[in-house]
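Working notes, beginning with the structure itself.
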Amino acid sequence: MKRGWMAGAAVAVAAGVLAGCTGGGTKNMETSDTAKGGGSAPGEAASVKPTEPADFRSTFALDVDTASYSYAGRILRDGARPAPQTVRTEEFVNSFPQGYRRPKGDGFSVSADGARTGAADWSLMRVGLATRNSDPKAPRRPAALTFVLDVSGSMAEPGRLDLVKDALRTAAGQLRGSDSVSLVTFSGDSETVLPMTRLDDGGRAKLRTAVDELEPQSSTNLGAGMKEGYQQAAEHRRSGATNRVVLMSDALANTGQTDAKAILSEVARHRKEQGISLFGVGVGSDYGDALMERLTNKGDGNTVYISTRTEAREVFVNQLPRNIELRARDAKAQVVFDRDAVTDYRLVGYEDRKVADDDFRDDKVDGGEVGPGHTVTALYAVRLKHGATGRAATATVRWQDPDNRKPHEKSHDIATTALTGADLWKGAEVSPYLRLSAVAAYFADALRTGEGGASPGPEPRPTETAAEPLPAAPSLGKLHSEADRLAEEPGLRSAAGLAKNISRAQNTP
């Protein structure tokens, strides 16, 4: 993505968010007119020196992962701060409701809004994509799910295999009789403990029995587990069904094929040849976050993290349709900025989901899978030319129909007035959803840079982030107050948990 200001800005937010809008190019699309803790306080101008981007297009694959925020919450509850490299700002933002309108049919709605940050000419722009919710009573394609379960010795700790078993029991009660399930376990080696089984006619009982018999064993041969799991999924692939591998693990490979490239190659091959996607469910305080994310990226899927039964129920009950059904394949977004209005911009986050600008309409280039009821948000820091009017940018999303692979696009123009009309923190007309996204993004940046925590003592905390900060970063205290206040807004109760995590970070070195 394009980077504009130079690294002298007030310490602030890094990686941001999106998965879902794109723009410019041909007009065969529907278009509608209208989108560190510590550091300077809102309203103060950050000393930033812009440099014009090499071009004015920002392109990336959609991503609906939320694991990074859930994992950070687990680490903060344990009295520590997450490692900076595990903090992905787009996953923080996408963990919260966004309030976007939903499309009436398949595909996406595209929305945009924004506000001034307080730094000279810099605005925050939110681009949002949303898919239609799933009707739990409506017919859907059957699912063929191969669960690949980590039963290694490390999974014996509380909150690992016990949580996986509880989640599977929950899933057994939520899946339909027309769905099929297989269980593959791995430790020192791999084993299929339940061949692909329809859940009607006694299959549900067989699944529960197999789950009850799971016990932790020895080492972690993740490579063997993935190979066996994909072989099962390929052998029992159902035409007209959603075929998916579900990996449930702490992703700490230590035996057999531990080379990530080889495992990733196997995953990518099956995704390409059989269309089998990968859904990752991470567990454990000691968790291989980087490997799990790389696996699901290669597997054209997404990742969540669970550490409590409440979170497991959310994934396997409330969010089950979006995790097993599809609304779009290979979805990508592109935002094209108007040179007459914009001098500089930066996409916040999505560092590992970049797509070459010219590959936006190349349907052979992988995008991301999106299910029903998903929302994807991209935050941009945008510097407008003084007195700029008219269009600031066009956001476009491109995706393929999950059944016939026919490509579709939808676009949305963002006017300069949408970015300059109000102050992010003070404007009465600013959407509370935009403010919540900003709080989550600034908080992620503070964790990435190590800012705003309790005194670390004589050894300063390293700042391991290559991402540039957002302008005019509020203090963690200000972010905590904003999250607390937003929790009183209708539909934003989840902001209370964000406020607690910010408070924990303030008191943690």
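The values are calculated or read from the model by the stated rules, or taken from the named source; none is laboratory data. Bear in mind the structure is a predicted one, so any value in this text is a computation, not a measurement. Because the Cβ atoms are built from the backbone with ideal geometry, glycine has one as well, and the counts that use them run over all protein chains shown. Note: accessible area is taken over every heavy atom of the protein model, side chains too, but ligands, DNA and RNA are not part of it. Shrake-Rupley method; radii C 1.70, N 1.55, O 1.52, S 1.80 Å.
Quick notes on this structure:
- Dipole-positive endmost among PRO407, GLY223, GLY188 within the chain (Cβ charges, Cα centre): PRO407
- Descending Cα extents along the principal axes, the chain, whole Å: 68, 59, 42
- For the listed peptides 103-109, 435-441, a ranking on the average number of other beta carbons within 10 Å per residue, highest first, reads 435-441, 103-109.
- The overall shape of region 117-204, judged from the alpha-carbon gyration tensor, is oblate: a/c is not under 1.5, and a/b is no greater than b/c.
- Restriction of the trypsin sites (Lys or Arg not before Pro) in region 272-346 to DSSP coil positions whose beta-carbon has at most 13 other beta-carbons within 10 angstrom yields ARG339.
- Residues LYS364, LYS406 ordered from highest to lowest accessible area at a 1.4 Å probe: LYS364, LYS406.
- Prolate/oblate/rounded call for region 143-285, Cα gyration tensor, a/c under 1.5 rounded: oblate
- Convex hull volume of the C-alpha atoms in region 284-362, normalised per residue: 160 Å³.
- Region 280-327: C-alpha gyration tensor shape, a/c 1.5 cut-off, then a/b vs b/c: oblate
- Listed cross-link partners LYS298/LYS354; LYS165/LYS261; LYS385/LYS410; LYS261/LYS410; LYS364/LYS406; LYS227/LYS298 are compared with a 24 Å cut-off, the Cα-Cα value being larger for LYS165/LYS261; LYS385/LYS410; LYS261/LYS410.
- Sequentially through region 326-341, phi angles give Karplus couplings (6.51, -1.76, 1.60; θ = phi - 60°) of 10, 10, 8, 10, 6, 7, 10, 10, 9, 10, 10, 8, 7, 5, 6, 10 Hz, Gly and Pro residues having no value and appearing as x.
- For TRP122, the amide hydrogen comes within under 5 Å of the amide hydrogens of THR117, counting only partners 5 or more places away or on other chains and with H modelled in the peptide plane.
- With both labels modelled 7 Å from their Cα along Cα-to-Cβ, the LYS385 to ARG269 distance reads 5.3 nm.
- DSSP-defined beta bridges in the chain - what % are antiparallel, rounded to 5: 65 percent
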